[in-house]
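Data first, discussion second: the structure below is written as structure tokens.
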Amino acid sequence: MSAAKHHQVIIIGAGAAGLMCALTAGYRGRDVLLLDNAKQLGRKILISGGGRCNFTNLNIEPAAYLCRNPHFCKSALARFTQWDFIAMVERHGIAFHEKTLGQLFCDDSAKDIVDMLTTECDWAGVKIQLRTEILNVQAQEGGYLLLTSQGDLSCESLVIATGGLSMPKLGATPFGLQLAQQFGLNVLPTCAGLVPFTLQPQDKANFEQLSGISLPVVATAQCGKSFREALLFTHRGLSGPAVLQISSYWKPGESISFNLLPDTDLTSWLKEQCAESPKLSLRNAMARLLPKRLVEVLQEMGALPDKALNQLGKAEIESLQQYFSDWRIQPGGTEGYRTAEVTLGGVDTDELSSKTMEARKQPGLYFIGEVVDVSGWLGGYNFQWAWSSGYAAGEVV
Ligand code: FDA
């Protein structure tokens, strides 16, 4: 058997975190090999943000990340910030814009971001090898030995950047989680995050006809976390940014409260309407505030009395106010990894140095990006974690 080909640094996973780590280490003069089992690198970047890649957010802050240790992400986020990534994007002349809530998107295509990162890797002397299956990883004196479909490899530093479990169709694998377990590191249970809800059968029957309807809401989970964003009815259940965001804070069996009229004091509004048009039906009045089909369905479900405004009593108005500000849905579940944008849970951050991402009990082994138990909100936060954690490891490997 021929001797393993040696590199100082091997990174497994040529996605967002792996590319950033590779170029950072390459610029330090390290001999870096970036491996991926896919035939194309950065596939999630390419499809992200509807093909325009929401590559970071102006308002990055540790509070926008879910992790068992809420302090873990602080160091990496502070050392490679959204401004550092924006500076790189600007150096490459990539046009971008803020869409909403600080979310930055490419004007043209997510491909610009992949091209930027591969160009930087090229400048930094990184070798990239795709279509490579990693068959076995073992620790050996001074580093690691990898058996791969393209031959044996060895390295001093091994970085795992194989991402989470979301979107198996795009090549997501449990490789990183299994490797962590192989080396005795704790892996926290995983589940789909930033994912649409499915509905219980009765709710599904009631609401599937509303597919395509969207409205601004405040969605609140039982833990008290809330998001003011759009809710979208789909033929499978509930989606839209409000639902994706709150899904990361939801546990099976819990209900979600939606304020369907976050900008309206319904009691005062109904009184005003009644003064102007006393004979107007409640249903037609509510259709001035909410999509008409939604009002009709809620009335069919018995939530709205079939009355004119001047027939409504004080208690009825109060209960309408209560109903629309705290519309409760107990989801049947989520659409799971098939459509989730991220994976919650993963390699326990207690096992890693927050400065370098190195495994405390396994010198030379690093975990970055989504494989780690750090997940961000919707809106560019997850890519920023990939850039920041990739940079942190890239500085030391
Ligand atoms: P990533 O998944 O990017 O890369 C992992 C790499 O490892 C892949 O190239 C894969 O092929 C490779 N790999 C996996 N298993 C392997 C194995 N066994 N052997 C070798 N290689 C292996 N975030 C955001 O901030 N803004 C956005 O706009 C979006 N949009 C978005 C849309 C959709 C549809 C999804 C599914 C996700 C997003 N995200 C997002 C989330 C974002 O894509 C995600 O958080 C990052 O890509 C994570 O970066 P990583 O590098 O950790 O994994």
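Nothing in this text is a laboratory measurement; each read-out follows from the coordinates by a stated rule. Keep in mind that this is a model prediction, so the values were computed, not measured. Here Cβ is always computed from backbone atoms with ideal geometry, including for glycine, and neighbour counts include all displayed protein chains.
So for S277, S388, S166, S75, fewest C-beta neighbours within 10 Å to most, what's the order? Could you put the intermediate results ahead of the total?
Numbers: S277 14, S388 28, S166 24, S75 17.
Least to most surrounded, the residues fall as S277, S75, S166, S388.
One chain, two ends: D115 and A3. Fully extended at 0.36 nm per residue, the span grows by 36.9 nm beyond their Cα-Cα distance.
Compute, for the stretch 298-397, the length of the dipole vector about the Cα centre, with Cβ point charges of +1 (Lys, Arg) and -1 (Asp, Glu) only. Units Debye, rounded to 20.
On the way: 7 positive and 14 negative charges, 16 e Å.
Roughly 80 debye, rounded to the nearest 20.
In a shell of Cβ-Cβ distance under 10 Å around L130, excluding L130 itself, what net charge do Lys and Arg (+1) and Asp and Glu (-1) give?
+1
With 0.36 nm allotted per residue and the present C-alpha distance subtracted, the A78-I47 stretch has 8.4 nm of extension available.
A275 to E300: FRET efficiency via 1/(1 + (r/R0)^6), r the Cβ-Cβ distance, R0 25 Å, to the nearest 0.05? Provide the component values of the computation, followed by the final result.
Numbers: r = 28 Å, r/R0 = 1.13.
Approximately 0.30, to the nearest 0.05.
What separates the Cα centres of the stretch 29-80 and the stretch 120-189 is a distance of 17 Å.
Of all DSSP beta bridges located in the chain, what percent are antiparallel, nearest 5?
On the way: 46 of 64 bridges.
Just about 70 percent of them are antiparallel.
Based on the Cα gyration tensor of the stretch 196-334, what are the three equivalent ellipsoid semi-axes, each the root of five times an eigenvalue, rounded to whole Å and given largest first? Don't skip to the end; give the middle numbers.
Numbers: eigenvalues 150, 48, 32 Å².
Working through the eigenvalues yields semi-axes of 27, 16, 13 Å.
Counting Lys and Arg as +1 and Asp and Glu as -1 over every other residue whose Cβ lies under 11 Å from the Cβ of L244, the net charge comes to -3.
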